[in-house]
Each structure stands twice: as C-alpha cells, then as structure tokens.
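Undergrad: Have a look at the structure that comes next, please.
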Amino acid sequence: MADITYIPIRQLYPHPDNPRKELGDLSELAASIKENGVLTNLTVRPRAEGGYEIISGHRRFHAAQLAGLDKIKVQVRDVDDDQAIIDMVDANIQREHISPMEKARALKMKNEAMKRSAGRRKENGCQLDTHFPEAKTATQIGADVGESPKQIFRYIRLNELIPELQKKVDSNTLKFNPAVELSYLTPDEQQSFLDYAEAQDCTPSLSQAQKLKAASKEGTLTLDKLEEIMSAQKPSVAPREPVLNINVSKVAQYFPTGCTKQQMENRILKILESYFRQMAHEQAHEEER
C-alpha cells in the first residue's frame with residue numbers, strides 16, 4: 001500500500017532513465033502551482049542513497065521548484081527498479097503530446113523491464129526456462145497502450161536509428177514507416193544515407209527505404225547503390241482522359257423515344273463532326289474572297 005505524505009523538494013531526484021527529455025515551457029504550470037499547489041501527487045520510491053526517486057511527475061517537480069515550493073505532496077511506493085520503469089513508462093505514454101522517439105524509448109524500456117521481471121519470476125518458481133518471449137511482452141504492452149504487437153515492435157525499432165535520424169523522426173522530416181525500414185541499416189549506412197539526404201535535400205519514400213533495407217541485408221548497399229535507389233524516378237503514368245458527362249434528361253427531347261444512351265452519344269458526335277466540317281468549309285470560302 002502506498003503512503004501519501006509531504007516531502008521536502010530537496011529530497012526528490014528525477015529518475016535517471018526518464019524517457020521524457022523535453023519538459024517544454026514550465027512557466028504557466030509554475031504559476032498555477034504557486035497559486036493552487038500541486039493538484040496531482042507525484043509518485044516516488046525510496047532511494048538506497050537517501051531521499052526519493054521520482055517515478056511520475058517530473059514536469060510537476062521542476063515546475064514546483066520554479067514556483068519556490070519547499071515541500072510537495074507525494075505517493076511513496078516501495079517497488080524494484082523494473083517495476084519503477086514500468087510505472088514511469090505507463091505514466092508517460094498516456095500523455096496527449098508525446099513525440100515518436102519519446103514513445104519509442106519508453107516502449108523499449110518497458111519491454112526490457114517486463115522481460116527481466118518475468119525472468120526473475122520464473123527463476124523463483126524453479127523453472128528452467130527463464131526466457132520471456134518478445135512477442136508476449138509486445139502483446140501485453142500493446143494491450144496497455146492500444147497498439148498492435150507489430151506496431152510496438154516498429155516503435156522499438158526506431159531506437160536503432162542514429163541520433164541525427166531520430167531527430168528527423170521527431171521533427172517529422174523523416175516519416176515513421178520509412179524510418180522503421182532505415183533502422184535496419186548499419187550505423188555507417190545510416191550516416192551515408194543521412195549525408196546524401198541532406199546534400200540532396202530529399203527524404204525517402206517507403207518503397208525507397210525498403211529497397212535500402214534489402215540492399216543492406218544483401219551487403220550491396222554501396223554509395224553508388226544508395227544514390228541509384230534514391231535518385232530513381234517513379235514510372236510516369238499517363239494522365240486520365242477527361243470525361244464529359246451530360247445528363248440524359250437534358251438532351252432526351254432531341255432524340256426519338258427509346259433511343260439508347262450509346263445511340264445518343266453516336267448521333268451527337270456525328271452532328272459535331274458535321275458542324276465543324278461546315279465551319280471549316282465556310283472559313284475556307286471566306287479566305288478565298
């Protein structure tokens with residue numbers, strides 16, 4: 001059972017692995033806390049070194065510091081490292097605004113913590129197999145956050161991108177699906193791709209990213225191959241022929257009863273052909289004068 005109490009702010013320490021790297025502008029929240037206090041308790045756990053480690057409420061903690069609070073109301077939980085990570089991720093992942101890479105880091109942390117925790121439970125139960133299937137954790141995490149297991153894997157893959165490409169994912173200059181495919185490239189290949197993309201001011205389509213991944217897997221992703229894939233143009237598609245639609249009711253009066261749509265169309269084309277032939281004849285006659 002968790003205890004709720006007031007703790008001096010100087011005794012609180014942010015979790016070192018908090019997946020939320022950007023706290024944003026805290027001035028408005030600090031002003032609200034200064035006037036109304038912290039409305040939602042922080043969740044913390046005791047530290048072996050003394051004081052308390054924050055599990056959830058990092059933004060409120062920093063805003064309370066700005067507001068000049070000496071003490072803050074917290075919920076103290078006695079949990080191990082992995083459960084603290086799981087709880088911290090669950091608190092962060094539900095935020096309305098969370099960047100793709102924050103989500104990717106959080107899901108990876110939870111996935112690894114759940115596998116370690118499950119392995120210890122199996123060891124305590126004297127079972128020989130302490131391996132917890134990756135698919136099982138992904139299924140559980142997906143149920144928690146409302147995503148498919150496949151999508152959980154795809155988010156976790158983003159952690160394999162080099163930092164510069166991760167920044168492009170967060171800035172939306174590199175789309176999610178191509179980014180997942182690029183994560184299968186080696187770090188050196190990713191750097192080569194980044195250098196090319198920045199020099200050419202381009203971004204890959206999903207198809208191009210998939211071809212880069214395939215070439216990397218085959219060991220053929222040279223600089224020349226990269227340029228060949230990225231510079232390839234999509235096959236041109238002939239424009240669709242424009243269509244003129246005329247409501248039958250507007251022209252039915254000019255045709256015999258029972259005339260089909262195709263018969264009407266044929267007759268209209270003949271009339272137009274005759275009309276323009278007559279116009280050309282009159283124009284030629286005028287020019288002879």
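Undergrad: Quick one: which of Arg77, Arg59, Arg47 is more than 32 Å from the chain's Cα centre (by Cα), open to solvent by 50 Å² or more (accessible area, probe 1.4 Å) and within 15 Å of Asp17 (Cα to Cα)?
TA: The conditions single out Arg47.
Undergrad: Provide a single number: the residues in the stretch 1-28 that are surrounded by 12 or more Cβ atoms within 10 Å (Cβ to Cβ), aliphatic (A, V, I, L, M) and farther than 22 Å from Lys103 by Cβ.
TA: The number of residues fulfilling the criteria is 4.
Undergrad: Pick from Lys213, Lys217: which is loosely packed, with under 15 Cβ neighbours inside 10 Å and either out of contact with any Ser or Thr (no Cβ under 8 Å at 6 or more places or on another chain) or at pLDDT below 70 (or both)?
TA: Lys217
Undergrad: Okay, moving on. In this structure, is Glu35 closer than 30 Å to Asn177 by Cα and of a type in the set (D, E, K, R)?
TA: no
Undergrad: Name the residue that is farthest from Gly219 (Cα to Cα), counting only residues in the stretch 154-181 that are in contact with a Ser or Thr (Cβ under 9 Å, 6 or more places away or on another chain), among the hydrophobic types (A, V, I, L, M, F, W, C) and in a helix (DSSP H, G or I).
TA: This residue is Val169.
Undergrad: Confirm whether Leu66 is touching a Phe, Trp or Tyr at 6+ places or on another chain (Cβ under 6 Å) and of a type in the set (A, V, I, L, M, F, W, C).
TA: When the stated conditions are applied, Leu66 does not pass them.
The values are calculated or read from the model by the stated rules, or taken from the named source; none is laboratory data. Computed from a predicted model, the values in this text were never measured in an experiment. Glycine also receives a Cβ, built like all others from the backbone with ideal geometry; neighbour counts cover every protein chain displayed. Surface areas here come from the heavy atoms of the whole protein model, side chains and all, with no ligands, DNA or RNA. Shrake-Rupley method; radii C 1.70, N 1.55, O 1.52, S 1.80 Å.
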